[in-house]
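Every number here is computed from the coordinates shown, using simple stated rules; none is lab data. Predicted model, so just to flag it, every value in this text is computed and none were measured. Neighbour counts are summed over all protein chains in view; Cβ atoms, including those assigned to glycine, are modelled from backbone coordinates with ideal geometry.
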Amino acid sequence: MNIFDVFQARVIAALDRLSLEGVIPQGLDVSRVVVEPPRDASHGDFATNAAMVLAKDAKTNPRALAEKLAAVLGEAEDVVGVEVAGPGFINIRVSPSVFIDVMRTAAAARGDFGRSAKGAGRKVNVEYVSANPTGPMHVGHGRGAVFGDALAALLEFTGHGVTREYYINDAGAQVDVLARSAFLRYREALGDDVGAIPEGLYPGDYLVPVGAALAAEHGTALKERPEAEWLPVVRDKAIAMMMDMIRDDLAGLAITHDVFFSERSLSQGPVDVIRRTIDELRARDIVYEGRLPPPKGAPIEDWEDREQTLFRATAYGDDVDRPLLKSDGSYTYFASDIAYHASKFERGFTTLIDVWGADHGGYVKRMAAAVAAVTGGKAELDVKLCQLVRLLRAGEPVKMSKRSGDFVTLREVVDEVGRDAVRFMMLFRKNDATLDFDLAKVIEQTKENPVFYVQYAHARCRSVFRQAEQAFPGIEAEISSGARFDLLDDPAERQLFRLIAQFPRAVDAAAAAHEPHRVAFWLYDLASEFHALWNKGKDTPHLRFVIDNNRELSSARLAMVRTVMDVAACGLSILGVSAPDEMR
């Protein structure tokens with residue numbers, strides 16, 4: 001039950017009535033009308049922008065329209081006041097029964113409160129992580145991994161048909177470099193002195209097991225073959241072992257993918273999908289042969305002026321047309337990416353979400369152009385960029401990892417602070433903002449540590465029930481959605497009711513914007529309100545959750561506590577974070 005949807009429907013019904021009465025024109029576009037909590041809670045329970053966004057089309061003054069709309073909205077029995085503020089915003093105040101009804105609904109729904117079918121089963125492809133299989137994952141990969149996984153869970157919770165996908169970049173020069181690096185470790189495993197790892201190869205110790213596996217499987221046979229023969233063998237083994245390591249790193253964060261899509265399969269499968277895609281686009285005059293001007297600022301001697309196979313990206317909003325073939329005739333990365341996204345559309349996805357690192361920001365325009373071209377505008381691409389993670393310890397930058405060679409691995413961070421801290425803190429900041437991740441602060445048991453503060457709210461709820469069972473044995477089993485929420489009339493209790501009523505709206509808004517951090521922020525607000533109410537009970541005995549001589553009032557407060565606990569657990573589950581019964 002999204003109570004804000006209920007009141008939005010009331011506002012639209014009131015507008016329909018005004019149009020039927022001839023007060024405003026019929027057929028106005030109400031898609032921009034929203035109902036939301038007022039910025040200042042003292043102004044009321046709901047606010048709508050209806051008059052502000054419709055006044056121009058209605059050919060009237062916003063405040064005049066607001067006055068007429070307010071009069072209609074104020075006729076409802078559960079509305080106790082409607083005020084027009086400023087140039088035409090409308091604030092609505094309702095009777096306590098509205099939020100008491102929401103609490104009953106939430107208490108009955110338990111962990112499903114806020115779940116919706118708004119996605120209507122629409123197929124969504126969320127592609128995330130997609131790290132090159134050339135080594136262990138670093139903390140930056142972890143941010144994209146957590147963001148993508150939480151977004152997928154959020155979309156599932158709101159009724160979308162979600163596929164979690166990982167694009168394996170197993171074609172191109174970087175995997176050949178991986179193979180040559182692994183071959184050195186293979187020789188090392190056979191007893192050769194390989195010396196220092198040459199510049200340009202991967203120096204990390206993580207390739208030592210690959211070399212050992214190759215030595216055990218092939219003995220000295222690979223050493224006696226030319227590179228053209230051993231390289232594909234070593235490359236396949238190295239990629240397979242790197243992907244096993246990446247899957248294991250992701251498992252440490254409870255992340256799994258439904259699909260692992262190989263880039264090489266696009267050109268080396270039964271059908272050359274890249275060639276087919278280029279031919280199809282050429283038939284539509286979206287691919288052509290032509291020349292590109294030199295890039296701005298490039299010295300002329302570095303520019304190769306030649307006839308190229310080009311994608312007409314400028315016809316779809318990009319700044320320049322893009323090459324699809326290199327001078328040696330091989331495909332560019334962009335050609336592979338076009339074919340890959342065309343494959344997503346062919347598999348039935350019309351909403352494509354790509355989660356990339358911030359260093360790929362310059363690639364967004366051309367990919368949006370490609371998706372618009374290959375789908376005929378029938379698919380929507382949303383690229384979410386995840387900014388850098390600065391890893392600190394008590395405010396100081398963390399040293400590099402010996403295992404990786406030049407960065408701190410994700411596994412090292414998870415092992416040190418735990419999955420929950422990594423996941424929550426990666427989501428407690430918007431994805432496009434740089435994140436400072438302090439290894440010391442994320443394990444502190446203080447209000448300043450958001451993951452602790454939210455999890456502690458859930459654990460504190462459980463402790464309330466342990467206390468209640470001592471005063472009233474068996475009372476937890478009696479708790480039901482029919483509890484007397486009307487008995488709870490303290491302003492702090494009613495404020496908690498209002499906040500819980502906002503959870504379905506917060507979830508819907510987060511899903512629509514593809515921003516799971518909104519759920520994390522809402523959970524922190526819930527924890528703050530709950531802890532404040534708990535502390536208030538310490539100083540004001542009649543507000544305690546368990547009143548030894550009043551079973552009915554205790555039952556009502558326990559129903560409220562259980563609802564807080566259920567909604568907190570639900571929000572944490574969307575984020576992939578546990579809801580502990582105790583904090584140690």
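Overall, the range 128-270 carries a charge dipole of about 80 debye about its Cα centre when +1 sits on the Cβ of Lys and Arg and -1 on the Cβ of Asp and Glu, all other atoms neutral. Less than 19 Å apart at the alpha-carbon level, and either on another chain or at least 8 residues along: which aspartates and glutamates does that give for LYS430? Within the straight-line cut-off, LYS430 pairs with GLU127, ASP149, ASP354, ASP359, ASP382, ASP420, ASP438, GLU448, ASP508, GLU515, ASP525. Neighbours of PRO580, meaning other residues whose beta-carbon lies under 10 angstrom from its beta-carbon, give a summed charge of -1 when Lys and Arg score +1 and Asp and Glu score -1.
Computed from backbone phi with θ = phi - 60° and the Karplus coefficients 6.51, -1.76 and 1.60, the 3J(HN,Hα) list for the range 369-374 is 4, 4, 5, 4, 6, 6 Hz; x is used for glycine and proline. Rounded to the nearest 20, the Cβ-based charge dipole of the range 450-575 about its Cα centre (Lys and Arg +1, Asp and Glu -1) stands at 180 debye. With angles folded into 0 to 90 degrees, how steeply does helix 333-346 sit against the dominant principal axis of the chain? Use alpha carbons for both and round to 10. Helix 333-346 and the main axis of the chain meet at about 50 degrees. Each residue of the chain gets 215 Å³ once the volume of the Cα convex hull is shared out per residue. Packing order of peptides 409-415, 180-186, 7-13, 280-286, highest average first: 180-186, 409-415, 7-13, 280-286 (average count of other Cβ atoms within 10 Å over each peptide's residues).
Using the Cα coordinates of the range 173-251, the gyration tensor eigenvalues translate into equivalent-ellipsoid semi-axes of 19, 14, 13 Å, sorted from longest to shortest. Note on the range 435-543: Cα-Cα pairs beyond 18 Å make up 63% of the total pair count. How about LYS237: which lysines have a C-alpha closer than 17 Å to its C-alpha, ignoring those fewer than 8 places off in the same chain? Cα-Cα hits under 17 Å: LYS223. Given +1 at the Cβ of Lys and Arg, -1 at the Cβ of Asp and Glu and no other charges, the dipole of the chain around its Cα centre is 840 debye to the nearest 20.
In the chain, the calculated helix contribution to ellipticity at 222 nm averages -15000 deg cm²/dmol per residue, counting -39,500 (n - 2.57) for every DSSP H run with n ≥ 4. Going by neighbour counts of Cβ atoms within 10 Å, the residues HIS138, HIS341, HIS542 line up, fewest first, as HIS542, HIS138, HIS341. Can you give me the C-alpha center-to-center distance between the range 493-551 and the range 312-365, rounded to a whole angstrom? The range 493-551 and the range 312-365 have Cα centres separated by 44 Å. The range 20-60 and the range 208-226 have their alpha-carbon centroids 71 Å apart. Based on every Cα atom in the range 3-94, Rg and the maximum pairwise Cα distance Dmax equal 11.9, 34 Å.
Return one number: the angle in degrees, 0 to 90 and rounded to the nearest 10, between the long axis of the Cα atoms of helix 503-513 and the longest principal axis of the Cα atoms of the chain. Helix 503-513 and the main axis of the chain meet at about 30 degrees.
With Cα atoms as the point set, the range 95-198 shows a radius of gyration and Dmax of 24.0, 82 Å.
Toward the positive end of the charge dipole of the chain, with +1 on the Cβ of Lys and Arg and -1 on the Cβ of Asp and Glu, the farthest Cα among LEU190, TYR288, GLN268 is that of TYR288. Positive end of the charge dipole of the range 59-128 (Lys, Arg +1 and Asp, Glu -1 on Cβ, about the Cα centre): tell me which of GLY111, LEU69, SER95 has its Cα farthest that way. Final value for the positive-end residue is GLY111.
A simple count of charges around TYR340, restricted to other residues whose Cβ falls under 13 Å of its Cβ and scoring Lys, Arg +1 and Asp, Glu -1, yields -3. Against the chain, whose longest principal axis is taken from its Cα atoms, helix 273-283 shows a tilt of about 80°.
The HN-Hα couplings worked out from phi for the range 573-580 by the Karplus form 6.51 cos²θ - 1.76 cosθ + 1.60 (θ = phi - 60°) are 4, 4, 7, x, 10, 6, 10, x Hz, whole numbers, x standing for Gly and Pro. Take every DSSP beta bridge whose two residues both sit in the chain; close to 45 percent of them are antiparallel. Computed over neighbours whose Cβ is under 12 Å from that of ASP382, the net charge equals -3, Lys and Arg +1, Asp and Glu -1.
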